[in-house]
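**Student:** I have a structure here, written as structure tokens, and I will follow up with some questions on it.
Quick note: the coordinates plus some simple rules give every number you see, no bench work behind them. Keep in mind it's a predicted model, so treat the numbers as computed, not measured. Note that each Cβ is placed from the backbone with ideal geometry, even for glycine, and that neighbours are counted across all protein chains shown.
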Amino acid sequence: MKILMGVDGSEYTKRMLDFVAAHEDWLGSGNSWTVLHCVPAIPHRAAAFLGTDQVRAFYEADAEAVFKPIREFFKTHPAKPTFVYRIGPAGTHIAKIAERSKHDLIILGTHGHGAVGGLVMGSVTTRVVSLVRTPVLLVR
């Protein structure tokens, strides 16, 4: 099974990892994992002022800060995930990668605000669910 895990380094990411750990069979070498983090884009004018190298270093450092504890988590399991980061809106990137790479499952941590909260806040989860045909597992 090809699994895409959207992460942001929050408490909800930690809960998602706890959930995955409780399903040890998912972490076997028979499954393929992609761990995706989306870094918010630096405004264009700020990026132009900083320069390409500084902007790239910021994006890479942000992604690695989120990935570091997840890399540690996977070291104790046979699964060897691919770590990917994208710049921009998380919901859109998660949906594009899931569809393009034909993932079988998307796993996301969610704040659990409910339907009304998701509509008002425009959550990543709401965006992903509206864009994909891939099953989405939400962990609260």
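**Student:** Around THR134, under 10 Å between beta carbons, what's the net of Lys plus Arg minus Asp minus Glu among the other residues? Spell out each step's value before the answer.
**Tutor:** Numbers: positive: LYS2, LYS102, ARG133; negative: GLU99, ASP104.
Surrounding charge for THR134 is +1.
**Student:** Within the chain, how many lysine pairs that are 8 or more places apart, or on different chains, have C-alpha atoms less than 23 Å apart?
**Tutor:** Lysine pairs satisfying the spacing and distance rule in the chain number 12.
**Student:** Which distance in Å, rounded to a whole number, links the C-alpha centroids of the stretch 52-106 and the stretch 15-31?
**Tutor:** Here the answer is 17 Å between Cα centres.
**Student:** Same structure again: With +1 assigned to the C-beta of every Lys and Arg and -1 to the C-beta of every Asp and Glu, and no other charges, what is the dipole magnitude of the chain about the Cα centre in debye, to the nearest 20?
**Tutor:** Working: 16 positive and 12 negative charges, 68 e Å.
Dipole size: approximately 320 debye.
**Student:** Starting from the Cα-Cα distance between PHE19 and ILE42, subtract it from 0.36 nm times their residue separation and give me the gain in nm to one decimal. Don't jump to the answer; show the numbers that get you there.
**Tutor:** Values: separation 23, 0.36 × 23 = 8.28 nm, distance 3.24 nm.
Net length gain for the segment: 5.0 nm.
**Student:** For THR76 and LEU138, what is the calculated FRET efficiency with R₀ set at 30 Å and r taken between the beta-carbons, to the nearest 0.05?
**Tutor:** Numbers: r = 25 Å, r/R0 = 0.82.
Working from the Cβ atoms, E equals 0.75.
**Student:** Ok, one more. Would you please put 6-18, 80-92 in order of how densely packed they are, using the mean number of other Cβ atoms within 10 angstrom per residue and starting with the highest?
**Tutor:** Values: 6-18: 17.8, 80-92: 16.2.
Most protected by this proxy first, the peptides run 6-18, 80-92.
**Student:** What does the extension gain come out to for LYS68 and ASN31, with contour length at 0.36 nm per residue minus their alpha carbon separation?
**Tutor:** On the way: separation 37, 0.36 × 37 = 13.32 nm, distance 2.09 nm.
Value of the extension gain: 11.2 nm.
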